[in-house]
Amino acid sequence: MSIGGSSVALLKDVPEMGAARAFLPGGIFEELQRSIDPQAQRIVLAAERAADHPVFGMVHTLADARAFMEFHVWCVWDFMSLAKAVQIAVGCYHVPWIPPQSAALVAAIDKVIADEETDRGPDGRIQSHFEIYLDAMEDAGASTLAIRRFVHLLRDRAPISEALDKSGAPKSAAEFVKTTMNFALAPAHISISAFCLGREELVPNMTRTFLRNLPREQRHLERFFWYLHRHVELDTDSHGPLTAELFRSIVGDNSLRRGEALQAAVEAISARGRYLDAIAEMLRQR
């Protein structure tokens, strides 16, 4: 099966390894990079370390990719809960409807949600990125049993913790998901900070590094390459700038709110680092 060209073709626009540390132009990380505030510098350093994490050079074979995907899929799922939390915070999604405080902010997050939840996939079908990722896992021969069981339990209204326990989620995945859910249930400035700095501006740098190290001739990974490449494209060209706009509008210049938001960013990026450490350890022990 050929999806959107070969793996090599998908890599043609991905910058070389050294470019992974360049932050989104006009983004929040770039702003923090210029700051002399120690907290801002801690965030930048943590983001740079995440982009260069050793795990992104440890996937050499199809078997490695399967193992990686079985862990990484939990990040793909919980991303949407964090995105939905931001959407709910800025818009009106109940009856009776009332006008939102900022239609521009609603437009920004709705654009992100539309792309993530109803994108046109590599074979032309309209799917969420989570569904595309599950298809990519199945293409590669990775097991989707645990994550599908988790979603089934949620459909039956099981609490998150119970669904994680009963589904057989890896311990490190369960810890990461619980951290994300805490951000999703927090005040809006906390949620948007975790979303912007812990996801939309962070992920493209990590993904560029990963793409440079993945095996390029594994035909069973074509859909996985498509997914990764699509996220570099969307997060760099659209989602990153949109979430930076959301961050600036929601966090604002209030010093207390900004301090709490930056602390949330530290915690979000640190949680990602711990999860990447766990995935790397899993790959070493295979």
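The values are calculated or read from the model by the stated rules, or taken from the named source; none is laboratory data. It should be emphasised that the depicted structure is a prediction, and the values quoted were computed from it without experimental measurement. Because the Cβ atoms are built from the backbone with ideal geometry, glycine has one as well, and the counts that use them run over all protein chains shown.
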Query raised in the report: In region 225-246, what residues are crowded, with 24+ Cβ neighbours inside 10 Å, closer than 11 Å to Leu24 by Cβ and not small (Gly, Ala, Ser)?
Result: Asp235, His239, Thr243
Requested in this report: Identify the single condition in (1) out of contact with any Leu (no Cβ under 9 Å at 6 or more places or on another chain); (2) closer than 25 Å to His53 by Cβ; (3) modelled with pLDDT under 95 that Ile190 does not satisfy, given that it satisfies every other one.
Outcome: (3)
Query raised in the report: Only one of these conditions is not met by Ala265: (1) more than 21 Å from Ile88 (Cβ to Cβ); (2) surrounded by 21 or more Cβ atoms within 10 Å (Cβ to Cβ). Which number is it?
Result: (1)
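Select from region 77-103 the residues that are under 22 Å from Arg248 (Cβ atoms) and either free of Cβ contacts under 8 Å to residues at least 40 places away in the same chain or among the β-branched types (Val, Ile, Thr) (or both) and list them in ascending order. Break it down stepwise before answering.
Initially, region 77-103 is screened for residues under 22 Å from Arg248 (Cβ atoms), giving 79, 82-92, 99-103.
Selection gives Val86, Gln87, Ile88, Val90, Gly91, Cys92, Pro99, Pro100, Gln101, Ala103.
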Query raised in the report: Which residues, counting only those in region 241-264, are touching a Cys at 6+ places or on another chain (Cβ under 8 Å) and either outside any helix (DSSP H, G or I) or not aromatic (Phe, Trp, Tyr) (or both)?
Result: Thr243, Ala244, Leu246
Query raised in the report: Scanning region 190-216 for residues that are surrounded by fewer than 20 Cβ atoms within 10 Å (Cβ to Cβ) and not charged (D, E, K, R), which turns out nearest to Val266 (Cα to Cα)?
Result: Asn213
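Looking at region 122-148 only, could you name the residues that are without any contact (Cβ under 8 Å) to a residue 60 or more places away in the chain and not in a helix (DSSP H, G or I)? Don't jump to the end; show me each part of the working.
Looking only at region 122-148, we keep the residues that are without any contact (Cβ under 8 Å) to a residue 60 or more places away in the chain, and these are 124-128, 130-131, 138, 145, 148.
Gly124, Arg125, Ile126, Gln127, Ser128, listed by residue number.
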**Report entry** helices (runs of 4 or more DSSP H) wholly inside region 149-224 containing at least 3 residues that are of a type in the set (S, T, N, Q) and farther than 17 Å from Ala85 by Cα
**Finding:** 203-213
Query raised in the report: Among the residues of region 69-118, which ones are under 21 Å from Ile190 (Cβ atoms), modelled with pLDDT of 95 or more and of a type in the set (S, T, N, Q)?
Result: Ser81, Gln87, Ser102
Report task. Report, ordered by the first and then the second residue, all pairs with beta carbons closer than 7 Å, sequence separation of six or more or different chains, a first member in region 267-286 that is over 23 Å from Ala184 (Cα atoms), and a second member that is among the aliphatic types (A, V, I, L, M). Result -> Ile279/Val55; Ala280/Val55; Ala280/Met58; Met282/Ala67; Leu283/Val55; Leu283/Met58; Leu283/Ala67; Arg286/Ala67
